[in-house]
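**Student:** Here it is, the structure, as structure tokens.
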Amino acid sequence: MRRPVHGGNLVWAASIAGCPIEDILDFSASINPLGPPESVLRGIQGAMANIQHYPDPSNSELKGALSRLHDLPPDWILPGNGSAELLTLVGRDLAGLTATVVVTPAFADYYRALRGYDAKVVDSPWQLFLEEPGGVATSRGISSELGVRSEILNTDICSRLGNGRNFVNSRECGLIVNNPHNPTGILFKREAIVSLLAKFRMVVVDEAFMDFLPPAQAESLVEMVSDYPNLVILRSLTKFYSVPGLRIGYAIAQPPILQRWQSWRDPWSVNVLATAAAVAALNDRAFQKQTWEWLPLARQQLQQGLQSIPGLQPLTGAANFLLVRTNYPATQLQQLLLKRDRILIRDCLSFPELGEAFFRVAVRTEAENQRLINGLKALIQEIY
Ligand SMILES: Cc1ncc(COP(=O)(O)O)c(C=O)c1O
């Protein structure tokens, strides 16, 4: 079986661990362990009778709920079959531009979406923490406990584009950036991205993990869409509400872009169960509050536990996962931990800049985090 590109491939993990998939403790997919909320399960149950009908092709109920949440007109929102579907539409649009700058390390699906339409891709490596000479990966250039970054993004991208004979005018280009950033967990300040909006023809900000920050700490660009016709924001319900199997995400942008995308895709991308689940989830304030209260403490516990293991250096992150620098080859650790403890961590081979020197883990419940910490500690003591 081939090594998976994404996290959460339990079939692959179980084949290595030699156990049923239910026995795997999955730290590889960054999914909220408190979910899915009861409200979502009830919403799905209540919608069962609707599977005998086609979904509403205009998604009016879900657009209505999202429009109230974001205080935007419904036609500024396009729900999709996961944000992955919307990324495919992004790829088609960006393929029409001179090139698209991708801030790396980057989620592998950006490349799938862009290359699927033969888009020209310019990587913009953003790698300050990688340059630390064997040192601590958490501190340099990071100004707060959430790892908020501001200036670096802008400088790195512009120096990359203005590169001698390869000079590309950024105004003819697209840009994809992810905030909070997967896999580092770093949160870019809103201003760091806003300063790029005037420099690119289209800027796509993937905010798949932004919900994990309570509104007062979020650095979302949703409020900027009315000022920037070239701005697209992608959001996902997958991670926060723990519904990767349902496939539900949405894009926020000015109507001409979204109308174009709607005309390119099939009319019923979001099925009736996903719609009901999404509407229930968005109204579940108690679950949102519970997650915002759980995450900071659980993340701190996990970070401190990992930090206490010789040879591991977790980065400070703002989302529900941590990137960990490792002195031991990450894929070897992954395999041994699977076989020994049936715990799956995410290798970073799909991020070529990171390779064997890093792995990523989701923040899970405190008991599960402790199982991971104990497992890694014992394994590393035993083997290395
Ligand atoms: C940064 C990022 N964006 C988008 C997605 C896709 O999410 P969805 O399940 O909504 O397609 C993922 C999934 O891992 C992700 O990590």
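The values are calculated or read from the model by the stated rules, or taken from the named source; none is laboratory data. Only a predicted model underlies this, so the values are computations on that prediction, with no experimental measurement involved. Here Cβ is always computed from backbone atoms with ideal geometry, including for glycine, and neighbour counts include all displayed protein chains.
**Student:** Identify all residues within the stretch 235-258 that are more than 16 Å from the ligand (Cβ to nearest atom) and touching an Asp or Glu at 6+ places or on another chain (Cβ under 8 Å); write none if there are none.
**Tutor:** Hits for the stretch 235-258 are Pro255, Ile257, Leu258.
**Student:** Gly18: touching a helix residue (DSSP H, G or I) at 6+ places or on another chain (Cβ under 9 Å), surrounded by fewer than 17 Cβ atoms within 10 Å (Cβ to Cβ) and at positive phi, yes or no? Spell out how you get there, then give the answer.
**Tutor:** Numbers: touching a helix residue (DSSP H, G or I) at 6+ places or on another chain (Cβ under 9 Å): yes; surrounded by fewer than 17 Cβ atoms within 10 Å (Cβ to Cβ): yes; at positive phi: yes.
So Gly18 passes the test.
**Student:** Check off (1) outside the structural domain of Gly185 (by TED's automatic domain parsing); (2) more than 16 Å from the ligand (Cβ to nearest atom) for Asp26 and give me the number that stays unchecked.
**Tutor:** Answer for Asp26: the failing condition is (2).
**Student:** Within the stretch 37-58, is even one residue within 16 Å of the ligand (Cβ to nearest atom) and in contact with a strand residue (DSSP E or B) (Cβ under 9 Å, 6 or more places away or on another chain)?
**Tutor:** Taking every residue of the stretch 37-58 in turn, none turns out to be within 16 Å of the ligand (Cβ to nearest atom) and in contact with a strand residue (DSSP E or B) (Cβ under 9 Å, 6 or more places away or on another chain).
**Student:** Among (1) within 15 Å of the ligand (Cβ to nearest atom); (2) touching a residue at least 60 places away in the same chain (Cβ under 8 Å); (3) not assigned by TED's automatic domain parsing to the domain that holds Val204, which single condition is Pro4 missing?
**Tutor:** (2)
**Student:** Residues of the stretch 62-95 being buried (at least 19 other Cβ atoms within 10 Å of the Cβ), among the acidic types (Asp, Glu) and within 16 Å of Pro267 (Cα to Cα), which ones?
**Tutor:** Glu85
**Student:** Still on this structure: For the stretch 325-384, name all the residues that are β-branched (Val, Ile, Thr), over 20 Å from Cys19 (Cα atoms) and in a strand (DSSP E or B).
**Tutor:** Step one: list which residues in the stretch 325-384 are β-branched (Val, Ile, Thr), which gives 326, 331, 343, 345, 361, 363, 365, 373, 380, 383.
Checking which are over 20 Å from Cys19 (Cα atoms) leaves us with 326, 361, 363, 365, 373, 380, 383.
Of everything in the stretch 325-384, those that are β-branched (Val, Ile, Thr), over 20 Å from Cys19 (Cα atoms) and in a strand (DSSP E or B) turn out to be Thr326, Val361.
**Student:** Of the residues that sit in the stretch 283-302 and are within 19 Å of the chain's Cα centre (by Cα) and of a type in the set (S, T, N, Q), which one is surrounded by the fewest Cβ atoms within 10 Å (Cβ to Cβ)?
**Tutor:** Looking at the filtered set, the residue picked out is Gln288.
**Student:** Still on this structure, I have one more. Give me the residue from the stretch 161-199 that is modelled with pLDDT under 85, assigned to a helix (DSSP H, G or I) and out of contact with any Ser or Thr (no Cβ under 7 Å at 6 or more places or on another chain) and, out of that set, farthest from Lys120 (Cα to Cα).
**Tutor:** Result: Ser195.
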